[in-house]
Amino acid sequence: VLDLVEAAADGDSAEAAEAAIAAYRRMCGEDAVARARAWVRRTDALGAAAADVLACRGTAQDSPSVLGALRGTIRSEGPDAPALCGLVDGAGRLGIACAAPVLRHVYRETASSQLRGRVARALAATDPTFATGFAVECLWDCEETTREVAALHAETGDVRVAERLRRLAADPAEEVEVQTAVRNRIGPDLQV
């Protein structure tokens, strides 16, 4: 089946290539991951799909390929590229520590609040300075999932963080998930 996917991707029919690549993205077996390791060097849609497969199902050995695809996507498509979602998730899932500067760049430059939330989760897994750095900034993000990640990780010894956590916990308009994360960090009596 994988040979047919490659043949369709290299063929003349854009529709057949698109369908084959979509089917490949859904494949979960070890053969699909092994083939992704060969295809990730391609510069076409099949290469992008291979990078996604490695980001979702690869192992630590695939970290350089996922990081390379993340960097390449930012260079070629910018910080708002839809393809970044899976690659950002993969960087976090694989714990690619050297991806932290790239992830911080995406967080700063993207217009997508949802992508910022994904980046915050990835930074929490890859950046040892997240708790004292970007997590503090994330407490003020407009996306509730980003604030939730920040509430779970921000260093509570910082006066700004303590005050922000109190405000989030007391805000009746704040999302339940964010308030729960805050209360789990600072306790029901809000003593920080």
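Each reported figure results from applying straightforward, stated rules to the coordinates on display, with no laboratory input. In this text the structure is predicted, and so the values were computed from the model without any measurement. Counting neighbours? That spans all protein chains shown, and the Cβs are built from the backbone with ideal geometry, glycine included.
Which net charge results for the neighbourhood of GLY90, defined as the other residues with beta-carbon distances under 10 angstrom from its beta-carbon, given Lys and Arg at +1 and Asp and Glu at -1?
Working: positive: ARG57, ARG93; negative: ASP52, ASP62, ASP89.
Result for the neighbourhood of GLY90: -1.
Hey, how many Å between the Cα centroid of the stretch 153-180 and the Cα centroid of the stretch 77-119?
The two parts, judged by their Cα centres, are 24 Å apart.
What does the highest-first list of 135-146, 56-67 look like by mean Cβ count within 10 Å? Please report the intermediate quantities before stating the final value.
Values: 135-146: 18.9, 56-67: 17.1.
Highest-to-lowest ranking by the protection proxy: 135-146, 56-67.
Provide the convex hull volume over Cα atoms per residue for the stretch 89-184, in Å³.
About 85 Å³ per residue, rounded to a whole number.
Put +1 on the Cβ of each Lys and Arg and -1 on the Cβ of each Asp and Glu in the chain; which of SER13, LEU103, ALA83 then has its Cα farthest toward the positive end of the dipole?
In the chain, that residue is LEU103.
Mind pulling the angle between the C-alpha long axis of helix 100-109 and the longest principal axis of the chain? Nearest 10 degrees, somewhere in 0 to 90.
Helix 100-109 sits roughly 80 degrees off the main axis of the chain.
Semi-axes of the equivalent ellipsoid for the stretch 19-114, please: Cα gyration tensor eigenvalues, times 5, square-rooted, ordered largest first, whole Å. Working shown, then result.
Details: eigenvalues 92, 42, 24 Å².
Semi-axes from the Cα gyration tensor: 21, 15, 11 Å.
On average over all directions, what projected area in square nanometres does the chain have, based on the convex hull of its Cα atoms?
In nm², the orientation-averaged hull projection of the chain is 11.8.
Rounded to two decimals, what is the ratio between the C-alpha radius of gyration of the stretch 129-192 and 2.2 N^0.38 Å?
Here the answer is 0.95, to two decimals.
Taking a label point 7 Å from the Cα of ASP10 along the Cα→Cβ vector, which residues of the stretch 21-45 have an amide N closer than 17 Å to it?
Under 17 Å, as judged by backbone N against the label point of ASP10, lie 21, 35-45 of the stretch 21-45.
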